[in-house]
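Please read the structure below before turning to the comments.
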Amino acid sequence: MAARPGDETDAVVLRWAPVGEGGRVARRTSWWWEVARARVQGRAPQRLFHASLQVTAAGLRHDVELVPAWGTSERDRGAVAQGPVGARWLGRSRFFRYEVRTWPDRPARPGTFHELSRDPDVVAQVLVTAPQVPLLVWGRAAGPSGDMWSSNSFVSWLLAVVGLPTDVPPPDGGSAPGWTAGVEVAHLGSG
């Protein structure tokens, strides 16, 4: 079911946005990666999407997502965990780290929205569980499928762990690299 951004009712809402909405570097490098991946898999390139959650609790909306650590200098960015990008040892540098953020009270952003729950207990569980994500290496295989760990993995992991649906595909036949890895890691109970 669709939801409206800015709704003040307790809710967990999945947001799909095109990869690179915040900058050209992510958009271009992700597109090159998708072109190469599509060629290896013998298919046409697909539009790539980034998943995040909009979690509203007690009238305060949080954007819950996994993003590069170097993207902002805002103090109140809601960082609750950090992990490495590319290789565990590279994570010593901020340029090779990601952050799990539960941004408080952010302006509404565009995207395709799917309401997943209005249960206040589930809403609270999502916010409590987000910092417990396994801090796997972004860009490396995770789970039996060999799908890589990514920002989408975090969202699908979180949904699976709290018992929310993970079968909500990105719009327009797009692709969400890492989604399968998050579901697999959640079901294996590993990291």
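Among the DSSP beta bridges whose two residues both lie in the chain, what percent are antiparallel, rounded to the nearest 5? Approximately 95 percent, going by the DSSP bridge assignments.
Summary value for the range 85-166: 29 percent relative contact order, contacts being C-alpha pairs under 8 angstrom separated by 6+ residues. A cut-off under 15 angstrom between Cβ atoms defines the neighbours of TRP179, and their net charge, with Lys, Arg +1 and Asp, Glu -1, is -2.
What is the Cα radius of gyration of the chain over 2.2 N^0.38 Å, N being its residue count? Don't jump to the answer; show the numbers that get you there.
Details: Rg = 15.8 Å, N = 191, 2.2 N^0.38 = 16.2 Å.
The chain yields a ratio of 0.97.
The 3J(HN,Hα) values that the Karplus relation (6.51, -1.76, 1.60; θ = phi - 60°) gives for the range 43-50 are, in residue order, 9, 6, x, 10, 5, 9, 10, 10 Hz. Gly and Pro appear as x.
Once you sort the root eigenvalues of the Cα gyration tensor of the range 135-191 as a ≥ b ≥ c, which label holds: rounded (a/c under 1.5), prolate (a/b larger than b/c) or oblate (the other case)? Oblate is the answer for the range 135-191, as a/c is 1.5 or above yet b/c matches or exceeds a/b.
The C-alpha atoms of the chain define a longest principal axis, and helix 24-41 lies at about 60 degrees to it.
What FRET efficiency would be calculated for the residue pair ARG140, TRP70, taking the C-beta separation as r and a Förster radius of 22 Å, to the nearest 0.05? Write down the numbers at each step before the final one.
Working: r = 19 Å, r/R0 = 0.87.
Efficiency, from the Cβ-Cβ distance: 0.70.
Sorted from greatest to least, the principal axis extents spanned by the alpha carbons of the range 51-155 come out as 40, 35, 25 Å. Our helix-only sum for the chain, with -39,500 (n - 2.57) per DSSP H run of n ≥ 4 divided by its residues, gives a mean residue ellipticity at 222 nm of -8000 deg cm²/dmol. For the range 122-163, the mean projected area of the C-alpha convex hull, equal to one quarter of the hull surface, is 3.0 nm². Label separation (HIS187 vs ARG92): 3.8 nm, computed from points 7 Å beyond Cα along the C-beta direction. Close amide-amide hydrogen proximity is noted between ALA81 and VAL100, each under 5 Å apart and 5 or more residues distant or on a separate chain (H modeled in the peptide plane; Pro and chain starts excluded).
To the nearest 20 Debye, how big is the dipole of the chain about its Cα centre, given +1 on the beta carbon of each Lys and Arg and -1 on that of each Asp and Glu?
Value, rounded to 20: 1000 debye.
Evaluated at q = 0.11, 0.13, 0.16, 0.20 Å⁻¹, the base-10 log of the normalised Debye intensity for the range 97-188, with identical point scatterers placed on the Cα atoms, takes the values -0.32, -0.45, -0.70, -1.09.
All other residues whose Cβ lies under 13 angstrom from that of VAL122 are scored, Lys and Arg at +1 and Asp and Glu at -1, for a net of -3. Amide H to amide H, with H built 1.01 Å from N, LEU48 comes under 5 Å of VAL19, SER175, counting only residues 5 or more places away or on other chains. For the chain, the longest principal axis of the alpha carbon atoms and the long axis of helix 120-129 meet at an angle near 40°. Seen from SER145, the other residues with C-beta closer than 15 Å to its C-beta sum to a net charge of 0, counting Lys and Arg as +1 and Asp and Glu as -1.
Where a number appears in this text, it was derived from the coordinates with a stated rule and is not lab data. Note that the structure is predicted; figures quoted are calculated from it, not measured. Note that we place each Cβ from the backbone using ideal geometry, even for glycine, and neighbour counts take in every protein chain shown.
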